[in-house]
Amino acid sequence: MSNIKTVGVIGAGQMGGGIAHVFALAGYDVLLNDISAEQLGKALATIEKNLARQTAKGAIDAAAEKAALGKIKTANDVAALSPCDLVIEAASEDQAIKKAIFKSLSGVLSNDAILASNTSSISITGLAAATERPENFIGIHFMNPVPLMKLVEVIRGIATSKETFETTKSVIASLDKTMAVSEDFPAFIVNRVLMPMINEAIYTLYEGVGTVEGIDTGLKLGANHPMGPLELADFIGLDICLAIMQVLYEGLADSKYRPCPLLVKYVEAGWLGRKTGRGFYDYSGDTPVPTR
């Protein structure tokens, strides 16, 4: 195990809560921060529920569940993160928001603390430039849902030191996760491949080639995917899908990454998928129903 003992997580949404969950279960002290006290409460309740589910399934025992819950504390402002050896930002997929968060950490952490972003697409080099310690900055991209998914993408910025990378490598191994190293290109590895597939599925719907049900059934049974691409888009969040496609389109200047107009329209309507109750499916009933 590395010299990382206390981990800060900024952002108590689905990703941030999941990250806090896995670090606490691995024995780290965790400080979970969010601008919303209500969101912090929701995150703790979700973590408790998910740990109980793991215990019920026999994945962990009751002692591990209790110990993990005791490892997580909340932090109402970034100043409270001063004891952290590693801070992972898991806020909205917006470069300006992320840079503001990292600037706010200036002077808060010890000189050798590591800063990381859970961004799924934004330049690590660009985010690191907003800090006073780009050599201590790295991308640590967990997959959703964090407690279940084994992969973690690790992305070095142009200034990331060897020591920061090696420490991160040790931390990922301690979480019982598998690391995939990506170069610092838009959307990295997983989303560079996944998001254009989802975007193409949306184009297939937009152009009337198939229905929501037909497209998802086709990929599930024809390509053996566990979840159809439109169902997966709803699970990820259509706003996040659009943000990643925009990063790809702007960063690589290739028309093949142009976001589908239907995806843009759904996001404009506030139909963001499961989290808003409506996307390519309507989630208001017991069973999701296609909206087109």
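The values are calculated or read from the model by the stated rules, or taken from the named source; none is laboratory data. Source: prediction; values computed, not measured. Every residue, glycine among them, receives a Cβ derived from its backbone with ideal geometry; neighbour counts consider all protein chains shown.
Please tell me if Val154 is assigned by TED's automatic domain parsing to the domain that holds Ile19, buried (at least 18 other Cβ atoms within 10 Å of the Cβ) and either without any contact (Cβ under 8 Å) to a residue 40 or more places away in the chain or over 17 Å from the mean Cα position of the chain (by Cα) (or both). Working first, answer last.
Values: assigned by TED's automatic domain parsing to the domain that holds Ile19: yes; buried (at least 18 other Cβ atoms within 10 Å of the Cβ): yes; either without any contact (Cβ under 8 Å) to a residue 40 or more places away in the chain or over 17 Å from the mean Cα position of the chain (by Cα) (or both): yes.
When the stated conditions are applied, Val154 passes them.
Assess whether Val267 counts as being of a type in the set (Val, Ile, Thr) and buried (at least 17 other Cβ atoms within 10 Å of the Cβ). Break it down into steps so the answer makes sense when it comes.
Details: of a type in the set (Val, Ile, Thr): yes; buried (at least 17 other Cβ atoms within 10 Å of the Cβ): yes.
Taking the combined requirement at face value, the residue satisfies it.
Only residues that are in a loop (DSSP other than H, G, I, E, B) and modelled with pLDDT of 95 or more: list them for region 61-87, please.
Asp61, Ser82, Pro83, Cys84, Asp85
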Exercise. Across region 30-47, what is the total count of residues that are part of a loop (DSSP other than H, G, I, E, B) and of a type in the set (Gly, Ala, Ser)?
Worked result: 1
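Residue by residue, here is whether (1) within 30 Å of Pro134 (Cα to Cα); (2) in the same structural domain as Asp94 (by TED's automatic domain parsing); (3) in a helix (DSSP H, G or I) holds:
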| residue | (1), (2), (3) |
| --- | --- |
| Ile198 | no, no, yes |
| Tyr203 | no, no, yes |
| Gly208 | no, no, no |
| Gly214 | no, no, yes |
| Thr217 | no, no, yes |
| Lys220 | no, no, yes |
| Leu242 | yes, no, yes |
Exercise. Lys57 passes all but one of (1) in contact with a strand residue (DSSP E or B) (Cβ under 6 Å, 6 or more places away or on another chain); (2) surrounded by fewer than 20 Cβ atoms within 10 Å (Cβ to Cβ); (3) not hydrophobic (A, V, I, L, M, F, W, C); which number fails?
Worked result: (1)
Exercise. If you take the residues in region 82-108 that are crowded, with 23+ Cβ neighbours inside 10 Å and more than 27 Å from Leu272 (Cβ to Cβ), which one is nearest to the chain's Cα centre (by Cα)?
Worked result: Val87
Exercise. Is it the case that Glu183 is within 30 Å of Asn3 (Cβ to Cβ) and either surrounded by fewer than 18 Cβ atoms within 10 Å (Cβ to Cβ) or of a type outside the set (S, T, N, Q) (or both)?
Worked result: yes
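Working only within region 251-292, note down all residues that are part of a helix (DSSP H, G or I), of a type outside the set (S, T, N, Q) and without any contact (Cβ under 8 Å) to a residue 24 or more places away in the chain. Full working, then the answer.
Pass one, region 251-292, residues part of a helix (DSSP H, G or I): 251-252, 255-257, 261-268, 274-276.
Right, trim to of a type outside the set (S, T, N, Q) and you get 251-252, 256-257, 261-268, 274-275.
Of everything in region 251-292, those that are part of a helix (DSSP H, G or I), of a type outside the set (S, T, N, Q) and without any contact (Cβ under 8 Å) to a residue 24 or more places away in the chain turn out to be Val264, Lys265, Glu268.
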Seminar exercise, completed: Of those in region 244-264 that are surrounded by 21 or more Cβ atoms within 10 Å (Cβ to Cβ) and within 22 Å of the chain's Cα centre (by Cα), the residue nearest to Thr119 (Cα to Cα) is Ile244
Seminar exercise, completed: Glu213 meets each of (1) buried (at least 17 other Cβ atoms within 10 Å of the Cβ); (2) closer than 24 Å to Thr287 by Cβ; (3) in contact with a Pro (Cβ under 7 Å, 6 or more places away or on another chain) with one exception, condition (1)
